[in-house]
1. List the residues, sorted by chain then number, that are 5 or more residues from residue 42 or on another chain and whose placed amide H is less than 5 Å from its amide H.
2. Take the Cβ-Cβ distance between residue 16 and residue 74 as r, set R0 to 25 Å, and report the resulting FRET efficiency rounded to the nearest 0.05.
3. Mind listing the Cα extents of the chain along all three principal axes, in Å, largest one first?
4. Which length gain, in nm to one decimal place, applies between residue 51 and residue 66 when the Cα-Cα distance is subtracted from 0.36 nm times their residue separation?
5. Based on Cβ point charges of +1 for Lys and Arg and -1 for Asp and Glu, what charge dipole magnitude is obtained for the chain about its Cα centre, in debye rounded to the nearest 20?
6. So if each residue of separation counts as 0.36 nm, and I subtract the Cα-Cα distance between residue 42 and residue 83, what length gain in nm does that give?
7. Picking from 45, 18, 55, whose Cα lies most toward the positive end of the charge dipole for the stretch 3-71 (charges on Cβ: Lys, Arg +1; Asp, Glu -1)?
8. Simple spin-label model, 7 Å along Cα-to-Cβ: residue 6 to residue 58 in nm?
Amino acid sequence: MNPRGCLEYQVAHLAERLAEGNLGELGVRAEIRGEALVLTGTVGTARCRQDILRIAHETLPDLPLLSDLVIADNGPPDHAEEFW
């Protein structure tokens, strides 16, 4: 298998790890761009984002990691809804 194919297999393994178990994170996308692993998507909490970054680093420790993971704002609204 060529190095790129092996890398794609490792990224697929990372996606499986993120989707299973307690994390169950299906809204995160992992892909290789150039020589870096890029994670994108929305997660529920800062803790969830930290866990995802840790797992990504454990799975692919030799790749630079770029994160564009956004934490969903699940808090109450900061202002009243206006009706027209």
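1. 70
2. Values: r = 26 Å, r/R0 = 1.04.
Efficiency computed from Cβ-Cβ geometry: 0.45.
3. Dimensions of the chain along the principal axes of its Cα atoms: 61, 27, 18 Å.
4. On the way: separation 15, 0.36 × 15 = 5.40 nm, distance 1.47 nm.
Between residue 51 and residue 66, full extension yields an extra 3.9 nm.
5. 320 debye
6. Details: separation 41, 0.36 × 41 = 14.76 nm, distance 2.89 nm.
Taking 0.36 nm per residue and subtracting the Cα distance, the gain is 11.9 nm.
7. Value computed over the given set: 45.
8. 2.2 nm
Quick note: the coordinates plus some simple rules give every number you see, no bench work behind them. These figures come from a predicted structure and were not determined experimentally. Every residue, glycine among them, receives a Cβ derived from its backbone with ideal geometry; neighbour counts consider all protein chains shown.
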